[in-house]
1. Within region 65-80, can one find any residue that is within 30 Å of Lys138 (Cα to Cα), away from the ligand (no atom under 16 Å from the Cβ) and in contact with a Ser or Thr (Cβ under 7 Å, 6 or more places away or on another chain)?
2. Any chance you could count how many residues in region 57-80 are in contact with an Asp or Glu (Cβ under 9 Å, 6 or more places away or on another chain), open to solvent by less than 40 Å² (accessible area, probe 1.4 Å) and modelled with pLDDT under 90?
3. Please state which one of Ser43, Ser3, Ser30 is within 13 Å of the ligand (Cβ to nearest atom), more than 26 Å from Ser89 (Cβ to Cβ) and either open to solvent by 80 Å² or more (accessible area, probe 1.4 Å) or modelled with pLDDT under 95 (or both).
4. Report yes if Gln88 is polar (S, T, N, Q), within 16 Å of the ligand (Cβ to nearest atom), out of contact with any Pro (no Cβ under 6 Å at 6 or more places or on another chain) and open to solvent by 40 Å² or more (accessible area, probe 1.4 Å), otherwise no.
5. List the number of the failed condition for Thr109; all other conditions in (1) away from the ligand (no atom under 16 Å from the Cβ); (2) loosely packed, with under 15 Cβ neighbours inside 10 Å hold.
6. Mind listing whichever residues of region 40-99 are assigned to a helix (DSSP H, G or I) and at positive phi?
Amino acid sequence: MTSFICPHCKAFSTFSVVWLDNSRQAGPTSSTRHGASRCNNPSCSKVIGGYVHQSSGEVNDWWPRHVGGKEFPDVPEHIASTADEAHQSLSIGAHRGAIALARAVVEATAKDHGITKGMLDKKIDEMAKQGVISDAMKDAAHEIRFAGNEVAHADLAEEPITKEDAEEVLALMDAILTRVYQEPAQVARVRQRREERRGGE
Ligand SMILES: [Zn+2]
């Protein structure tokens, strides 16, 4: 039995062979085959491909090594998981999917602050008005919205969306989440620790 960090769930896990190509040798030795193995973490159960020892089921090499998500610990779970999925999409070359999800993250951030009325452009302006985001972040949010609209209306997207385009849009999304959620939480933690050190002073 092989144990390693599962690229999907990031848990140290064991893997069970679910499929083995016994028709030919593949991989580093005569006893390895192409195979698919399932993560034994019940909350994951995702499959990886790899070189598998034909009798022991030991995984000699596997892919993907990394599923390119991103963690946002201080962001509300439903927004963080959408942002993570945007990064996962980018990591497999799903550029339009990544941008569409980034747009959804902006919309969800507005809703999380009680801004639910109107189209996304109005919601972004309202977030800036209420001080949820700065003017610079407002411009970033509008750029994400424009990119998302381009993706949604494929007839407008005559130029293909490149990896660089998607990376830049996700960088703007990350900046918004950092400013709105991550930095205030970080400040609060530093302040709390300082106050604890001061004791009853
Ligand atoms: Zn797993």
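The values are calculated or read from the model by the stated rules, or taken from the named source; none is laboratory data. Bear in mind that the values here come from a model prediction, so they are computed numbers and not experimental data. Virtual Cβ from ideal backbone geometry, glycine too; neighbours counted across all protein chains shown. Note: accessible area is taken over every heavy atom of the protein model, side chains too, but ligands, DNA and RNA are not part of it. Shrake-Rupley method; radii C 1.70, N 1.55, O 1.52, S 1.80 Å.
1. For region 65-80, residues within 30 Å of Lys138 (Cα to Cα), away from the ligand (no atom under 16 Å from the Cβ) and in contact with a Ser or Thr (Cβ under 7 Å, 6 or more places away or on another chain): present.
2. Residues meeting the conditions: 2.
3. Ser3
4. yes
5. Here Thr109 clears every test but (2).
6. Within region 40-99, none qualify.
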